[in-house]
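Structure first, then comments.
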Amino acid sequence: MSAPRALLVTGATGRLGEATVRCLADRGDQLLLTGRNEKRLAELAATFGGSGTVGTLPADATEPEGAQHAAAEAVQRFGRLDGLVHLVGGFSVGPVMLTDVSAYEEQLKANFLSAVVATQAVLPHLSEGGRLVYFGTPLAGEPLAAMSSYAASKAALTTWMRSMAHEVKNRGIHANLISLTLVDTPEMRKEMPHVDPALTVEAELVGRAVRFLTGTESDGLYGGVVPVVGKFGFSSALAGGPPPGAGRPAR
């Protein structure tokens, strides 16, 4: 089993935050959680703070000053910094003709530039064996209609991560990305009641993937895109229905 790590978790107040933190805290990791939602940070502190290994810091890690402050604070608290789990992100949907350019700028900042800012803040503090984990989507490679701003921003993130991974791998730093579809959370079920839960992914499974990518079990991965998509799959009328007997037990 991997030894505990000291990690900065940016955007920890988002929907993946609690499950991810729980998976890492169970390993004994030292975690500094950042976010702009101070109420949610306080809730996370109440849930995980008793161990003495999980701390919180209100900070906007999408801005250089906030990200640099968070990275320095993590080093001060833990004596070192082993990596970054970047949970910051946003989502937007709308046809091109009805989407203002500002929506594209917001998506690029939330999903791509925020990762650049946080990484630039963390890299100077990382030693051999550092871990960088980001979150993408299959839509970056197979975009759907009306999701151009979101898909383009995640495509930028994925391409940037793969390029950056080559720059840092000779320092022993691993940069990888988890490709996600919808994560099953109470908020998602309330907002999208029509979605089949069987096609979503449990938040804990995402947390386990993060634990894998921040541990020695993933020592062979540099610039990898790890799909955690559950049973989700793109469909087409050209494919027709399932083959005869599909899903039936063999006799």
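Structural remarks
- Each residue of the range 215-221 is assigned a 3J(HN,Hα), and the resulting list reads x, 5, 4, 9, 4, x, 9 Hz, derived from the Karplus form 6.51 cos²θ - 1.76 cosθ + 1.60 (θ = phi - 60°), x at Gly and Pro.
- Checked against a 31 Å cut-off, the cross-linked pairs K190/K231; K39/K190; K169/K190 give Cα-Cα distances beyond that limit for K169/K190.
- A Stokes-Einstein calculation at 4 °C with viscosity 1.567 mPa s, built on the Kirkwood radius of the range 6-233 over Cα pairs, returns a diffusion coefficient of 73 µm²/s.
- Relative exposure of S2, S127, S218, judged by other C-beta atoms within 10 Å (fewest first): S127, S2, S218
- In plain terms, the residue of Y134, Y150 with the fewest other Cβ atoms within 10 Å comes first and the most crowded comes last, giving Y150, Y134.
- Reduced Cα scattering model of the range 142-196, Debye log10 I(q)/I(0), q = 0.13, 0.14, 0.16, 0.25 Å⁻¹: -0.52, -0.58, -0.69, -1.01
- Largest to smallest principal axis extent of the C-alpha atoms in the range 1-141, angstrom: 51, 31, 30
- Listed residues G66, G83, G49, most fluctuating in the chain (Gaussian network, C-alpha, under 10 Å): G49
- MRE, 222 nm, helices only [DSSP H, n ≥ 4, -39500 (n - 2.57), over the chain, to nearest 500]: -11000 deg cm²/dmol
- Charge dipole (the range 6-233, unit charges on Cβ, about Cα centre) - positive-most of M147, T56, L123: L123
- Contact order relative to length of the range 6-233, as percent, for alpha carbon pairs under 8 angstrom and 6 or more apart: 21 percent
- Sorted by Cβ neighbour density within 10 Å, fewest at the top, the residues S149, S92: S92, S149
- Size of electric dipole in the chain: Cβ of Lys, Arg +1 and of Asp, Glu -1, about Cα centre, debye, nearest 20: 640 debye
- Inter-probe distance in nm under a simple model that places probes 7 Å from Cα toward Cβ, at A45 and L98: 4.2 nm
- Along each principal axis, Cα extent of the range 121-238, largest first, Å: 46, 28, 27
- Residues with amide H under 5 Å from that of L7, placed H, sequence gap 5 or more: Q30, L31, L32, D82
Each reported figure results from applying straightforward, stated rules to the coordinates on display, with no laboratory input. A quick note: this is a predicted structure, and the numbers were derived from the prediction, not measured. Positions of Cβ are backbone-derived with ideal geometry, glycine not excepted, and every protein chain shown enters the neighbour counts.
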